[in-house]
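Take a look at the structure below.
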Amino acid sequence: MATVMQAWYSKAVWLWLLAPFSGLFALLSALRRGLYRLGFKKTYRAPVPVIVVGNLTVGGNGKTPLVVWLVYWLRAQGYQPGVISRGYGGKSEYYPLLLTSETPAAQAGDEPVLIYRRTQCPVVVGPKRTEAAALLAQQGVDIIISDDGLQHYALARDIELIVIDGQRRFGNGQLLPMGPLREGVWRLKQADAIINNGGPTHSGEYLMTLAAGALQPVSTNLTPSAVAPQTGQRVHALAGIGHPPRFFNTLSQLGFELASQRALGDHQAIEPAQLLSLDTYPLLITEKDAVKWPGGHDNTWYLPVDAQLPPAFEQQLLTRLKELPHGD
């Protein structure tokens, strides 16, 4: 998969061999959208407003930090938000699943667990977002944030926010499997706002930046006097996210000297054996990896990040919320 993704963003010529399959994908996607639009496939409307945070491309674009930001922002506006998610990487016997403080990432997926731990808001996961939304609506929330699900048309939505990677954008601009797109770039015109993660921004896009927080210990075996790695120190880095180089670049920009960079697949579980060669220096990982930490390297620290959005985006979102027929 990594080789294919590299080809998408380097615009490899051999990908044209996959053009017929992308044509078929486009046809089936258009048919599916048409069935929902014409009412042949049913759409579920939750009893409270729904905000979908999605993207057009395969791989991580920065949706999770935006979802966390939205939870805190909506609370500041007087709402009681909750979150639904597909729960990629999780394997539960029962869906939909309402998360608790005891729910492991192996059951619910790393991103939902991260969101729950950061915000303490109700979070429900399940492959059918309609069922997840119905259960979440019973938890006393008055607005639902769908983490991903832009193409999950079975769930009606009131507001759509599309997140794009400011550096990689849309690769070669082709649909799967020839390119990284789940839907064509025409879909951007239907969104309420386009959030550009990291810039540079194009016309009509809002810039989202990720501010790094203080390093936090992952292991409970650290001594009370343990000190987090400092700028200029030599460290190992590991990331199992959609675009690991973004994390490695952030560490370098913060002044750390990277002795090694270990990139895992998005949502990939960390095996203790993978850490054996990384015990020579402190290990820095993402917060997403920290929630599925297996142990095995006591001197491990995660880097939390917080999304920052411009006031103009806040104003537009507030305006849209007030326009909703069943909103405040």
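The values are calculated or read from the model by the stated rules, or taken from the named source; none is laboratory data. Please read these numbers as outputs of a predicted model, since none were measured by experiment. Don't worry about glycine lacking a Cβ; one is built from the backbone with ideal geometry, like all the others, and counts go over all protein chains shown.
Scanning region 245-298 for residues that are under 18 Å from GLY62 (Cβ atoms) and among the small types (Gly, Ala, Ser) yields a count of 3. The residues of region 305-317 that are surrounded by fewer than 12 Cβ atoms within 10 Å (Cβ to Cβ) and touching a residue at least 12 places away in the same chain (Cβ under 8 Å) amount to a single one, ALA312.
Taking the criterion of being outside any loop (DSSP other than H, G, I, E, B) and within 28 Å of GLY23 (Cβ to Cβ), the residues of region 130-176 that qualify are LEU155, GLU160, ILE162, VAL163, ILE164, ASP165, LEU175.
Every residue, every condition in (1) within 18 Å of the chain's Cα centre (by Cα); (2) of a type in the set (D, E, K, R); (3) at pLDDT 95 or above, yes or no:
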residue: ARG117; (1), (2), (3): yes, yes, yes
residue: GLN120; (1), (2), (3): yes, no, yes
residue: ALA134; (1), (2), (3): no, no, yes
residue: LEU161; (1), (2), (3): yes, no, yes
residue: ASN172; (1), (2), (3): no, no, yes
residue: LEU181; (1), (2), (3): yes, no, yes
residue: ILE195; (1), (2), (3): yes, no, yes
residue: THR201; (1), (2), (3): no, no, yes
residue: GLU205; (1), (2), (3): no, yes, yes
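The set of residues in region 251-274 being surrounded by 19 or more Cβ atoms within 10 Å (Cβ to Cβ) and assigned to a helix (DSSP H, G or I) consists of LEU251 alone.
The helices (runs of 4 or more DSSP H) falling completely within region 13-126 that include 3 or more residues that are touching a residue at least 60 places away in the same chain (Cβ under 8 Å) map to 19-37, 63-76, 110-119. Could you say whether any residue in region 189-205 is in contact (Cβ under 8 Å) with a residue 40 or more places away in the chain, part of a loop (DSSP other than H, G, I, E, B) and either within 21 Å of ASN61 (Cβ to Cβ) or not assigned by TED's automatic domain parsing to the domain that holds LEU318 (or both)? Taking every residue of region 189-205 in turn, at least one turns out to be in contact (Cβ under 8 Å) with a residue 40 or more places away in the chain, part of a loop (DSSP other than H, G, I, E, B) and either within 21 Å of ASN61 (Cβ to Cβ) or not assigned by TED's automatic domain parsing to the domain that holds LEU318 (or both). In region 230-245, the residue that is nearest to LYS91 (Cα to Cα) out of those that are surrounded by fewer than 20 Cβ atoms within 10 Å (Cβ to Cβ) and in contact (Cβ under 8 Å) with a residue 12 or more places away in the chain is PRO245. The lone criterion from (1) over 15 Å from GLY149 (Cβ atoms); (2) at pLDDT 95 or above; (3) of a type in the set (Ser, Thr, Tyr) left unmet by TYR36 is number (1).
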